[in-house]
Every structure is written in C-alpha cells, then in structure tokens.
Amino acid sequence: MQYEKVPDVESSSESLLHSISTPNRSEQHRCIRREPKYTRAWRLMRDEWPRPARIVLAINAAFSVLLLCLYLHALWRIHSSPFYRAPKPPYSPLLEDGAIEYENKRFHPDRIFQEDPSPSVDKAWESILGPSDGIVRLPLVTSQKLSYPSSEIYYAPGSYIYGVSMFHQLHCLDLIRRSFWRGHYFPNTSDAEYHDHRAHCLDFLRQAIMCNGDVQMTYWWNKTYTYVDEDTKEERYTEEYLRMDKKERAYGTTLLWDVEHQCRSFERIQDWTRKYQLRDEEYWREAPNFRKAEE
C-alpha cells in the first residue's frame, strides 16, 4: 500500500491565502476595464499631462461654457422678440431689393409744413411726394409675385403700373392740408369729386396709422422748467418751477412729441422709387385720352 504525503499545514494555508488574495491577470484586467472611462481619463490626465496643459484645458472648457450660455441667451432674445413672432410680411419688391433700412430718428417741428399756402410751402410738400407721386412701372415677373393684378401700360407691353403706399399716404395728407383752402386749391372741382377724394384719403390714412402702430411715448412737459448750468453742464430746475406746487406744474405743461422713433429710411424708399418711376411726361404724353386727376 502506498501513501501520499500530506501537505504541510502552513504551506497549504499560505497557498490558499495566496490564491484567495492574489487575483490572476485576467481578473486584474477585468477590474481595470470596469473602471469608469471618465475616471480613468482624469487619472491619466492628472498623472501624465503637465500642469500648464491642464490649465489651458480648464480655460478652454470655461470659455466653451461661456459661449454656450451666450448662444442660449441670444436664442432666447430672438424668440422673445416681437419681430420673431410676427407673421411673414406680404411680398414687396422693395423688400426683395433690400431697399428697406431701419434708423432711429428724433421727431422735431418743421415750420415750413405748418404754414399757410405759399409757393415755398407747396414746393416743400411736392418735394416729399416722391418721384412721379410714387407711381412706378414694374415688369411682368415682379407683377406676378404680387397677390393682386394691376393695369398694364398699354403703350409699354409687359410693364404694369403700381404705386408705393407711403407716397400715396403723403399725397392724401397733402390733399387734406389743401382742403382747408378749397377755394385756392380746388376752384373747379365738383362737390362730389372733392368729398369722395377727401373721404378716401381720411380712411386710407386712418388705416395706415393704425397698421403701423407707433408705440413711442409722447409726453407732457414745459421746457422752460429746466436749464443747463453753464459750469457743470447739468440740467437743473428753474426757480419758477421750484416755487410751483404740483397742480401748477401740471397745468403749465403741453403735449410734446420730439422723441426718438424707429423709422424706415425715407431716402432709401425714395431712391428705389426713382429707379422704377413712371415718369409723368412719358405717361401723359403717350396717353392723351387720360388726364391727371386734379389734386
């Protein structure tokens, strides 16, 4: 009978402990693979990247976050803008040609447009009524883009007559101005024609003003209530204003409208109209059976 040697207890225990406490290579590899990628990447960056490189990376990350915040803020401003929520405007060749330019302008009284009839007053009004009173000739390709047809200029086939609304509105305002002196401006116009033209202009201007909806604030003030100190260049209240009570100050004011407005450039619209204008002398020479309506 043969007997096998019984392993030494201590060596057997050490071997068992070693096998329990020391994982093999495949187990070590599995442990490493279980480490989260971002943790491993951070450890490698911390151990292997020099400090200046880590600082540059942190600055780039912060800058990227800042750009993202600015982008989101700009996106929010755009979406909250009334222009973003506005419906698409109807087609206009001026919009297509880039003739619309916005500018901020402060209104101010212009006395020539407030005076009684005179040659200089009439000339001032004529200067803003537009080339050919805002009447233009447009080609067929442009006319087809509009949602409404207009009369073809019979002596110029393929050309159609249109008018820029702004100049028609100014024409109507000028007609209402002249209606205060009917005997001077409309001596030979029949009552029916005179009243129809004036009624049309009043309604057209009413709708134009309501459509444009100017939301700038007018205000009540008296400019004699303040003065500019010559030494400090600061605006100060006058002694008269300081002696008044609140009721006296209120009754001493008047409505003022010399504030800044956002406007479409009148000059740009005028330049576009001049480019496409239907010249008066051309139209009335070639269309002798038509007469220009007395304004």
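Here each label is just a point 7 Å from Cα along the line to Cβ, and for Lys145 and Val259 those points are 3.6 nm apart. Projected label points at Asp203 and Glu152, each 7 Å from Cα along the beta carbon direction, are separated by 3.1 nanometres.
Which links in Lys123/Lys223; Lys88/Lys275; Lys223/Lys246 stretch past 20 Å when you go from one Cα to the other?
On the way: Lys123/Lys223 32 Å; Lys88/Lys275 26 Å; Lys223/Lys246 16 Å.
Lys123/Lys223; Lys88/Lys275, as the Cα separations exceed 20 Å there.
Only the coordinates and a few stated rules stand behind these numbers; no lab work does. What you see is a predicted model, and the numbers here were worked out from it, not measured in a lab. Don't worry about glycine lacking a Cβ; one is built from the backbone with ideal geometry, like all the others, and counts go over all protein chains shown.
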